[in-house]
Each structure stands twice: as C-alpha cells, then as structure tokens.
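The values are calculated or read from the model by the stated rules, or taken from the named source; none is laboratory data. Just so you know, these numbers come straight off a predicted model, no measurement behind them. Positions of Cβ are generated from backbone atoms using ideal geometry, with glycine treated the same way; all protein chains shown enter the neighbour counts. Surface accessibility is based on the protein's heavy atoms, side chains included, excluding ligands, DNA and RNA. Shrake-Rupley method; radii C 1.70, N 1.55, O 1.52, S 1.80 Å.
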Amino acid sequence: REHSLSSGINAEYGEPLAPLAQGSFEEFGSVRIVQMLHRTNLIAMVGGGYQSKFSGKMCRIWDAAKKQFVLEFSFDSVIKAVRMTRERLVIVLTKKICVFSFPEDPKHLQTLETRANIRGICEVCPSNSVMVYPGTWAGSLQIFDLTTAGAAVGATSTPPTINAHKTELQCVALNHSGTMAATASGKGTLIRVFDMRSRQLIIEVRRGTDTATVNCITFNRDNTYLCVSSDKGTVHIFAIRNPELNKRITVANVGYLGSQWAMSSFTLKSECSSVCVFPPHSSGAAVKNSVIALCYDGTYHKYVFTKDGNCNREAYNVFLDITQDLEI
C-alpha cells in the first residue's frame, strides 16, 4: 500500500506489512497522490499540501532503484488521480482523462473527455487492459480498452456504458480479471455489481440506510466476496457467489424488505476511514477468510470472518506515525 504524507512517502506490502520504499521530506516534500506500478521500482507522485516541492498539476515518476525522478508529465489543471499498468499511464483530471504509453517510450496517446469528476474516479484492471470511469450521464460507467488508445482517435462508435445508478458515482472497483465492476451510489447506501461483458446487474447489496462516503470497494481473488468500507468506520463483507449467505430483513420495513445486507461486518475502534484488501489465501486445509483494513490514522487491522457472519480481529499494528500528518 502506498501512502502520501506531508513528510514524504511510504510504501509497504505483504502480511505482515514490510517496507518496499520510503522517501523523506527532503526528497519529495509533502505529497498528495502516490501510486506504485504493481511491485516494481516505479512510483508516480503528485505534489500537494502546505510543504509541496512540486505542483499538483504535475505527475513525476520516481525510480526507487535509481533513487531519482525519471519522467515528468505536466497538465493545465490539478491531477485528481493516477493509474498505471505495465503498458499505460492514466492521468485523471476534473473533466478529462489522459492516456500515455508507459514506461517504455512514453508518449501521449489519447484524451478522453468526461463529465465533472471531482473524486477522480477511474479504475484499471490489474491483469488486462480494461478501464472504467464516469460516463456522460450521472450514475453511468464508461468502459474503455486501453490497448485501443490512440487508434480510436476520430472513431464515431460510442464506448460501452453501464447505467449503474441514478445519482453520481461515489466509488468504483474492478475485480482482478476485469469481468466484474462494483459501484457505489451517491448516498453510499447501495452497492451494485455488474457483468462487464453483458453489462447486466449481477447483484445489489445495501451497505446501510445512512448517507456515507464510500472509500473503498474490493473483490477477493475468486469473486466470492466483496468488501466495502466507508467514513463511518464500518467495514461490510458481502457474499457475491452465494448471496443466500447475506442477511435479509424478515419483517416489514418500508423500502428495505428484500434488500441484501452484509453477511459480516466489523467496526474499527478508531472509527475512521480505511481502505481494505483480501489477503491472498495460503495453501493448506485450514485456510481462513480474512480482510485487512488500513486506516487513515496509520493503523493496521486484520479480521477473520466465517460464512455464518462471525468476525473477529486477529492482528493489529501501527504502520505509520499519525504525527506525520497523514494525507491519503
């Protein structure tokens, strides 16, 4: 996981967390966005904060092996998000997305016009060329094949679209193979999962009834579970392949009867926002289902859950000193 700080950057990976790369304030200043290219030595950074050493309109690529910046991309507006694959660099601005060849022979390939995208919503599949981002209409999700970038200039065909919600999208996720997309509604109450090929709804689940900011949606590797975290400090786990495991309201409750609720959930003691991940399963008969939550206050939590909804914390650690003024 990458972390942007007012005093540099940290990048950790594994279970338990182990440092991959680290940079000091003297090198980077305060950094607003950090994105690592898988587990390689290339790290994208965007400046921000009160001690930034470079502009929020500039993306710089740091080579951790060479310990120097090797590429630089400048834009006319503030960068909202950065995504990378082994062949493409994607820069998300408020009203457009710029696609570059990367890291070999970096050049601009295509610019995609978008609706206002203040949150910088954009996801790329880690194993293929699929990219999704907000479509023309509120609540719609555009699908783009990154391998066609450049070749599609001037084409009149309309990119495939999923009409996911009636309100603006709040959060989006792709599964590892790029065959499913999950979206959160503007209120953060409904999560919908779609088949990317047919663009049809697979399942709709309910996070809750109160409005919340959804920070993270993630699939596990075999698409059996979906995890959702929000600023409420609660992490919800839903069953996707076997939806009968999800809880349902059995008494009349106007508007919610029939809704699928989380199979399991847990509340972080810090009650702050978090990002979550399903760790890879190790071999052996006694494999446990678990979720790792990395909180914005610099704490690490690992919870183990069962199909009957039981959920218990198995590990806790502090991976970042909160006095460093974390700015994720």
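Identify the residue in the range 267-280 that is of a type outside the set (A, V, I, L, M) and within 15 Å of Thr218 (Cβ to Cβ) and, among all such residues, is modelled with the lowest pLDDT.
Once the filter is applied, the top-ranked residue is Pro280.
Taking the condition of being part of a strand (DSSP E or B), open to solvent by 20 Å² or more (accessible area, probe 1.4 Å), without any contact (Cβ under 8 Å) to a residue 60 or more places away in the chain and not aromatic (Phe, Trp, Tyr), how many residues in the range 37-82 meet it?
Adding up the residues that qualify gives 9.
Val78 - would you say it is within 24 Å of Gly186 (Cα to Cα) and modelled with pLDDT of 95 or more?
Here the answer is yes, as Val78 does meet what is asked.
Residue check, Arg86 against (1) within 17 Å of Val124 (Cα to Cα); (2) in a strand (DSSP E or B); (3) of a type outside the set (A, V, I, L, M), all met but one. Which one?
In the conditions (1) within 17 Å of Val124 (Cα to Cα); (2) in a strand (DSSP E or B); (3) of a type outside the set (A, V, I, L, M), Arg86 misses (2) alone.
Among residues belonging to the range 125-134 that are farther than 16 Å from Leu169 by Cβ and out of contact with any Asp or Glu (no Cβ under 6 Å at 6 or more places or on another chain), point out the one that is surrounded by the most Cβ atoms within 10 Å (Cβ to Cβ).
Going through the qualifying residues, I end up with Val130.
Among the residues of the range 119-135, what is the count of those that are part of a loop (DSSP other than H, G, I, E, B), without any contact (Cβ under 8 Å) to a residue 60 or more places away in the chain and under 9 Å from Thr85 (Cα atoms)?
Adding up the residues that qualify gives 4.
Which numbered condition trips up Val193, out of (1) under 20 Å from Cys276 (Cβ atoms); (2) at pLDDT 95 or above; (3) open to solvent by 10 Å² or more (accessible area, probe 1.4 Å)?
It is condition (3) that Val193 fails.
Limited to the range 97-112, what total is found for residues that are under 15 Å from Leu146 (Cα atoms) and surrounded by fewer than 18 Cβ atoms within 10 Å (Cβ to Cβ)?
Looking only at that region, the number is 6.
Within the range 97-111, how many residues turn out to be more than 20 Å from Gln170 (Cβ to Cβ) and under 20 Å from the mean Cα position of the chain (by Cα)?
Looking only at that region, the number is 2.
Assuming Ser30 fulfils every condition listed in (1) touching a strand residue (DSSP E or B) at 6+ places or on another chain (Cβ under 8 Å); (2) of a type in the set (Ser, Thr, Tyr); (3) open to solvent by 20 Å² or more (accessible area, probe 1.4 Å) apart from one, which condition is it?
(3)
Test each condition in (1) modelled with pLDDT under 90; (2) open to solvent by less than 20 Å² (accessible area, probe 1.4 Å); (3) not in a loop (DSSP other than H, G, I, E, B) for Asn317 and report the one that comes out false.
Going through (1) modelled with pLDDT under 90; (2) open to solvent by less than 20 Å² (accessible area, probe 1.4 Å); (3) not in a loop (DSSP other than H, G, I, E, B) one by one, Asn317 breaks only (2).
Output the number of the condition that Gln170 fails; it satisfies all remaining conditions of (1) more than 15 Å from the chain's Cα centre (by Cα); (2) buried (at least 16 other Cβ atoms within 10 Å of the Cβ).
Condition (1) is where Gln170 drops out.
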